[in-house]
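Trainee: Okay, here's the structure, questions in a sec.
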Amino acid sequence: MNGVCTKSMNVNRKEGLLSQIGIWALGLLVITGLLGCSREAESQADDGTEGYAIIGQITGINSEKGVLMVAHEEIPGFMAAMTMEFRVTPGDIENARIDAKITARLIRDEDGGFRLIKIWPLDKVGQKKVERSNKDLKKRMDKLSSGRYLGEEDEAPAFALYDQSGELFTSERLRGKPFMLNFIFTRCQDAKMCPLSTANMANMQALAKERGLDQLEFVSITLDPEFDTPGVLRDYATTYGIEGNNFHFLTGPKEAVYALIKALGVTALPNGDDVVHSLATSLIGADGVIHMRSTASAWSPEAFLKKAAEL
């Protein structure tokens, strides 16, 4: 390493709702109808993590108050199904869409209010694409000799993950375009690791625009997918002043993310809230081939820009 940074829900539906008396039963029936068969793929069982697992549908967005109105399913042993307000982060507010189905964790704030964290889109179509892409990548890597990863002159791996807007993002969207790719995570505290790498990517994005390299795209994949949800990544991008449609922060299921990490020769070892990791920054050409790769923490945007201009 060039440096280290230490740093389904199976819920039994209750039968006989129509036989129950009162407003609560009616509300539960309405919410269950709204959310359809989402329980089939998710579980609200307590898995030992913070808060309570929740499945819901966004029915209202209040940006000024920083809250979402969510119609949620029953949380067994804690709360009946109902529609209520939840506090969320600015990134999750920006990502919210009326009628969108989500999974999240419900926690209590110090003042007794309710907050949603770890918000993910409940997207079965996208989930299947991510799973299929992950299987294809594993098959490809199984054909390589032990310890081999994809480096310069290799074809870059295909992938399907979620971007900082909560939208499915596949490598197909980058076909025919050169792009930079690196790995970071938002809780990294070592100034010489992820913060420096992100600052270099942001600087390179600005310089590429100045020099007319309009086709160059930027991709940063998290090393900490369990914490770095789309909303968290959106807030992270805002912190660094990163804007534009050509910079994509990606996250997704841990298995899919770590398959990519391994394929591109990066070390990432979760350690509580931290990740001990190496770095790898790559330039992929419009031909889909890795043309330049650096494992340095202080990699040079100028060197990569020069190479990008030659492609």
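The values are calculated or read from the model by the stated rules, or taken from the named source; none is laboratory data. Source: prediction; values computed, not measured. A quick note on method: Cβ atoms are made from the backbone with ideal geometry, for glycine too, and the neighbour counts reach across all protein chains shown. Heavy atoms of the whole protein, side chains included, go into the accessibility calculation; ligands, DNA and RNA do not. Shrake-Rupley method; radii C 1.70, N 1.55, O 1.52, S 1.80 Å.
Trainee: In region 259-287, how many are closer than 27 Å to GLY176 by Cα, surrounded by fewer than 18 Cβ atoms within 10 Å (Cβ to Cβ) and under 23 Å from the mean Cα position of the chain (by Cα)?
Mentor: 2
Trainee: Only one of these is among the aliphatic types (A, V, I, L, M), assigned to a helix (DSSP H, G or I) and open to solvent by 20 Å² or more (accessible area, probe 1.4 Å): ALA206, ALA191. Name it. Give the steps one after another, and end with the answer.
Mentor: Details: ALA191 fails: assigned to a helix (DSSP H, G or I).
Only one candidate passes the filter, namely ALA206.
Trainee: Sticking with this structure for a sec: Please go through region 113-134 and give me each residue that is over 19 Å from the mean Cα position of the chain (by Cα) and open to solvent by 30 Å² or more (accessible area, probe 1.4 Å), ordered by number.
Mentor: Listed by number, the residues that qualify are PHE114, ARG115.
Trainee: Among the listed residues GLU94, GLU64, GLU110, identify the single one that is of a type in the set (Asp, Glu) and not in a loop (DSSP other than H, G, I, E, B).
Mentor: After applying the criteria, what remains is GLU94.
Trainee: While we're looking at this one, here's another question. Taking region 237-256 as the search range and keeping residues that are open to solvent by less than 20 Å² (accessible area, probe 1.4 Å) and within 23 Å of LEU216 (Cα to Cα), which one is nearest to the chain's Cα centre (by Cα)?
Mentor: Of everything passing the filter in region 237-256, THR251 is nearest to the chain's Cα centre (by Cα).
Trainee: Let me ask something additional. Considering only residues of region 209-244 that are of a type in the set (A, V, I, L, M) and not in a helix (DSSP H, G or I), which is nearest to LYS177 (Cα to Cα)?
Mentor: Only one residue tops the list, namely LEU216.
Trainee: What number of residues within region 53-112 satisfy the criterion of being aromatic (Phe, Trp, Tyr) and either surrounded by fewer than 18 Cβ atoms within 10 Å (Cβ to Cβ) or over 24 Å from the mean Cα position of the chain (by Cα) (or both)? Break it down into steps so the answer makes sense when it comes.
Mentor: So the first thing to find is which residues in region 53-112 are aromatic (Phe, Trp, Tyr), and the list is 78, 86.
Next, only the ones that are either surrounded by fewer than 18 Cβ atoms within 10 Å (Cβ to Cβ) or over 24 Å from the mean Cα position of the chain (by Cα) (or both) stay: 78.
Going through region 53-112 one residue at a time, the tally reaches 1.
Trainee: Oh, and also: Examine region 135-155 for a residue that is more than 19 Å from the chain's Cα centre (by Cα), open to solvent by less than 20 Å² (accessible area, probe 1.4 Å) and over 22 Å from GLN57 (Cβ atoms), and state whether such a residue exists.
Mentor: In the first step, residues of region 135-155 are kept if they are more than 19 Å from the chain's Cα centre (by Cα); the result is 136, 138-155.
Then keep just the ones that are open to solvent by less than 20 Å² (accessible area, probe 1.4 Å); that gives 150-151.
Still in the list and also over 22 Å from GLN57 (Cβ atoms): 150-151.
Among the residues of region 135-155, at least one is more than 19 Å from the chain's Cα centre (by Cα), open to solvent by less than 20 Å² (accessible area, probe 1.4 Å) and over 22 Å from GLN57 (Cβ atoms), which makes the answer yes.
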